[in-house]
Amino acid sequence: QVQLVESGGGLVQPGGSLRLSCAASGSIFSVYAMLWYRQAPGKQRELVAGITTGGSTSYADSVKGRFTISRDNAKKMVYLQMNSLKPEDTAVYYCNAFISVTTVQAPREYWGQGTQVTVSS
């Protein structure tokens, strides 16, 4: 059973910072791309940032220059450092990863349960 568990969300003032973490656990053979999505109330879930196994990253235009995604392959973890937070960054943030559990199985997509980030004064 593969699980993704996020942590690090909370309430922060505009201009502040938060660091989200996501740990993959279970019977895992390999973790491929790892991503962060977010969903604000009344809006569709959107891709925030992604990182490949080799460390190549991509970001939504709305967070470029403010957010940084990173990963620790040995620990099977992905992080999202969020700086200069704005009220419009308020959302539930979800960890997403493509994981294979055996040497022959194609990677499958997994989701975490989400962690709330609220940016408000």
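The values are calculated or read from the model by the stated rules, or taken from the named source; none is laboratory data. Every value quoted in this text rests on a predicted model; they were computed, and no experiment measured them. Cβ coordinates were reconstructed from backbone atoms using ideal geometry, including for glycine residues, and neighbour counts include every protein chain displayed. Ligands, DNA and RNA are excluded from the accessible area calculation, which covers all protein heavy atoms including side chains. Shrake-Rupley method; radii C 1.70, N 1.55, O 1.52, S 1.80 Å.
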| message | Every residue in segment 107-121 that is farther than 18 Å from E6 by Cβ and surrounded by fewer than 14 Cβ atoms within 10 Å (Cβ to Cβ), please. | response | R108, S120, S121
| task | Pull up segment 43-76, narrow it to residues that are farther than 11 Å from A33 by Cα and of a type in the set (A, V, I, L, M), then point me to the one that is farthest from the chain's Cα centre (by Cα). | result | A74
| Output for segment 43-53, where each listed residue is crowded, with 18+ Cβ neighbours inside 10 Å and in contact (Cβ under 8 Å) with a residue 40 or more places away in the chain | V48
| Qualifying residues in segment 1-53 (those that are among the polar types (S, T, N, Q), part of a loop (DSSP other than H, G, I, E, B) and under 20 Å from I99 (Cα atoms)) - the one modelled with the lowest pLDDT | Q1
| Can you pull out the residues in segment 59-106 that are over 14 Å from A24 (Cα atoms), of a type in the set (G, A, S) and open to solvent by 50 Å² or more (accessible area, probe 1.4 Å)? | S62, G65, S84, A106
| All strands (runs of 3 or more DSSP E) inside segment 69-121 with 3 or more residues being more than 20 Å from L11 (Cα to Cα) | 91-100, 108-111
| said: If a residue must be touching a residue at least 60 places away in the same chain (Cβ under 8 Å) and open to solvent by less than 70 Å² (accessible area, probe 1.4 Å), how many such residues does segment 6-38 contain? | reply: 23
| query | In this structure, does S56 turn out to be touching a strand residue (DSSP E or B) at 6+ places or on another chain (Cβ under 9 Å), on the phi < 0 side of the Ramachandran plot and either open to solvent by 30 Å² or more (accessible area, probe 1.4 Å) or at pLDDT 95 or above (or both)? | reply | yes
| request: Name the one entry in V117, V78, V104, V63 that is touching a Gly at 6+ places or on another chain (Cβ under 7 Å) and of a type in the set (A, V, I, L, M, F, W, C). | output: V117
